[in-house]
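Here, each number is a calculation from the coordinates, and none is a lab measurement. These numbers come from a predicted model, not from an experiment. Don't worry about glycine lacking a Cβ; one is built from the backbone with ideal geometry, like all the others, and counts go over all protein chains shown.
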């Protein structure tokens with residue numbers, strides 16, 4: 001039972017679709033699937049912009065989202081309050097961009113005022129892009145993308161490039177309403193399919209920047225994907241079965257509806273947070289900054305890695321560990337994608353039993369399940 005921020009559980013309908021024999025990726029039958037999937041991706045992204053599919057991870061999608069619209073030496077602001085914000089800064093530096101990091105302590109959200117100050121001071125319009133991680137997977141923090149984006153829009157020149165890897169499909173992200181330029185995501189998160197596909201949404205403003213961008217690109221050249229997507233095909237060999245699985249997953253998501261999907265993820269977040277607090281375990285994310293995709297826990301009185309080990313051995317439930325300097329200090333409970341109320345109750349009940357086995361005495365047995373149940377009862 002995967003309770004990590006990716007890969008996430010895959011529904012049976014999707015598994016059955018994945019098990020079909022592959023079809024030719026240059027066939028008329030596959031073109032029809034591409035047309036349907038592309039239309040449904042635009043629905044999920046709440047956009048009329050291009051939404052392009054690449055055979056990459058979320059990191060590949062974000063690298064494509066950065067390199068297609070910039071030139072060597074361009075200045076970019078990169079929000080960094082976790083491992084993935086740090087990664088996008090490293091990508092920028094690898095391509096010779098002038099990277100200015102706007103940092104916040106891990107576990108805390110980015111401060112939109114810091115972005116405003118940098119953007120307003122840029123009277124010469126040297127800042128060409130702002131890169132923001134919406135849901136920081138490493139810490140369980142969600143950043144105030146809407147406010148940061150307003151400051152970017154006031155600047156007028158800069159593009160906003162969004163890491164939505166664990167927020168797309170879990171959090172309301174109205175791309176057209178907010179005017180987001182580039183949004184990257186990955187298949188193994190809210191999309192409910194295995195790893196292997198990356199997605200990049202691209203605005204008209206970003207395509208204008210593409211025309212003069214000079215960073216090197218070939219496989220990740222989004223212009224090629226745009227040209228072929230218009231003909232319901234791909235420039236390179238796609239993972240045919242993953243796209244067939246995506247077709248099934250998107251149908252399931254449409255049947256549930258966007259509003260219901262977002263409400264479910266918010267409910268799972270609140271239930272998990274309340275359960276963890278009822279067990280006397282501190283949340284790692286600052287109050288009010290928890291992501292609907294994942295809850296990070298910083299246990300005291302019990303070892304985080306021992307918790308993960310017993311959960312896996314005794315209950316076959318996989319929790320995520322900490323990354324970089326948080327390794328061994330936190331564990332993370334994923335609750336995005338194909339996850340239900342029942343899954344949270346099972347995970348919390350198993351966590352309680354694990355804490356008892358490890359001799360942790362900072363809670364009343366049953367308190368976590370009861371706290372989660374109260375959230376579910378209210379809806």
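Structure data summary
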| item | result |
| --- | --- |
| Cα shape, segment 120-260, gyration tensor, a/c 1.5 rule | oblate |
| Segment 229-316 shape via C-alpha gyration tensor axes, a/c threshold 1.5 | prolate |
| Rounded Å value of the spacing that divides the Cα centres of segment 147-173 and segment 195-241 | 19 Å |
| Segment 306-375 - percent relative contact order, Cα under 8 Å, separation 6 or more | 28 percent |
| Highest to lowest packing among 192-198, 157-163, scored as the average C-beta count within 10 Å | 157-163, 192-198 |
| Estimated FRET transfer efficiency when R0 is 30 angstrom, pair residue 20-residue 258 (beta carbons, to 0.05) | 0.65 |
| Ranking of 150, 75 by count of other Cβ atoms within 10 Å, fewest first | 150, 75 |
| Between 0 and 90°, nearest 10: helix 28-45 axis offset from the chain longest Cα axis | 70 degrees |
| Relative packing of peptides 338-345, 4-11 - highest average C-beta neighbours within 10 Å first | 4-11, 338-345 |
| Degrees between helix 367-378 axis and first principal axis of the chain (Cα, 0 to 90, nearest 10) | 60 degrees |
| For the chain, share of DSSP beta bridges that run antiparallel, in % to the nearest 5 | 50 percent |
| Rounded to 10°, Cα long-axis angle of helix 304-315 versus longest principal axis of the chain | 80 degrees |
| Packing-based ranking, highest mean first, of 84-96, 354-366 given that Cβ atoms within 10 Å are counted | 84-96, 354-366 |
| Modelled FRET efficiency - R0 45 Å, residue 221 with residue 286, Cβ distances, 0.05 increments | 0.70 |
| Estimated FRET transfer efficiency when R0 is 51 angstrom, pair residue 237-residue 370 (beta carbons, to 0.05) | 0.50 |
| Segment 1-56-segment 71-89 distance, computed between alpha-carbon centres (Å) | 29 Å |
| Distance between modelled label sites at residue 94 and residue 123, nm, 7 Å Cα→Cβ extension | 3.8 nm |
